[in-house]
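Participant: Below you'll find the structure I mean.
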Amino acid sequence: MRRDRRLGFSGQKWPQIASELDAFVALLRDEGVRSYLEIGALYGDTFHHVGMSLPEGARLVAADLPGWKHGAPIGRHGGSGEHLKAAARDLTKRNRFAHVIIGNSHDGAVIAEVGRHGPFDAVMIDGDHTPEGALADWLSYGPMGRIVAFHDIAGIAAVAALWQEARKGKRSRELVSGEAKGGIGVLWND
């Protein structure tokens, strides 16, 4: 499997492995998801794609800290926050209710603002990929979702370790294409 060569809504290179994201979207549809939170939305391409895959009237929230990717500063972020806001505006024009929260996902004010929009049918955690950061996002946002997904469970040690621990005793599913990186782990907070 190879990464999709198309461009995302932002015009940036597609950020996900297409087969994994397609399987995730199918799962969300099968589960009747109508509210979705994405932590670590960067340019908003995954957020926009998932949002457009959900029914009209869906409630969508994205939180991101522009200039950072996976818990580390990136030199030139190319206006990721503006791209993310444009994705939310487009979703809203297309009869979804989209909201963007700009800030560090570990900040108490960001957690509280996200909480005011919850709970959610589904949460995607794809922000800080450090061991401490991934755990903090799981502890803060995992309880807000009936379904919780972790991106990058294959190949990123901190996320893989957290995924293995978080899924214990829970119904779970792995969406992994076999590439060295990527993978989406999904668990249910039943």
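What follows is calculated from the coordinates using simple rules that are stated; it is not laboratory data. As the structure is a computational prediction, the values presented were derived from the model and not from experiment. A quick note on method: Cβ atoms are made from the backbone with ideal geometry, for glycine too, and the neighbour counts reach across all protein chains shown.
Participant: Quick check on the chain: of the DSSP beta bridges with both residues there, what percent are antiparallel, nearest 5%?
Facilitator: Percentage antiparallel, nearest 5: 40.
Participant: List the lysines whose alpha-carbon lies under 19 Å from that of LYS93, not counting same-chain residues fewer than 8 positions away?
Facilitator: Qualifying lysines at Cα under 19 Å: LYS85.
Participant: Moving on to the next point. Count charges around VAL33 for me, please; just the other residues with Cβ under 11 Å from its Cβ, Lys/Arg as +1, Asp/Glu as -1.
Facilitator: It works out to a net charge of +1.
Participant: Please work out the FRET efficiency for the pair ALA109 and GLU165, using the Cβ-Cβ distance as r and a Förster radius of 22 Å; give the result to the nearest 0.05.
Facilitator: After rounding to 0.05, the efficiency reads 0.20.
Participant: Could you work out [θ]222 nm for the chain from helices alone, using -39500 (n - 2.57) per DSSP H run of at least four and dividing by all its residues? Round to the nearest 500 deg cm²/dmol.
Facilitator: One gets -10500 deg cm²/dmol as the mean residue ellipticity at 222 nm.
Participant: May I ask for the net charge around LEU91, where only other residues with Cβ less than 13 Å from the Cβ of LEU91 are counted and Lys, Arg are +1 while Asp, Glu are -1?
Facilitator: Local charge sum for LEU91: +2.
Participant: Here is a further query. Can you give the charge dipole size of segment 18-188 about its Cα centre, rounded to the nearest 20 debye, using +1 on the beta carbon of Lys and Arg and -1 on the beta carbon of Asp and Glu?
Facilitator: With Lys and Arg at +1 and Asp and Glu at -1, about 400 debye.
Participant: Stretched out fully, how many nm does the piece from GLN12 to ARG173 gain, at 0.36 nm a residue minus the Cα gap?
Facilitator: Result: 55.1 nm gained on full extension.
Participant: If the cut-off is a Cα-Cα distance under 17 Å, which aspartates and glutamates reach LYS170, setting aside same-chain residues fewer than 8 apart in sequence?
Facilitator: GLU31, ASP121, ASP190
Participant: Which is the longest part of the chain that has none of the trypsin sites (Lys or Arg not before Pro) sitting in a DSSP loop with at most 10 other Cβ atoms within 10 Å?
Facilitator: 77-167
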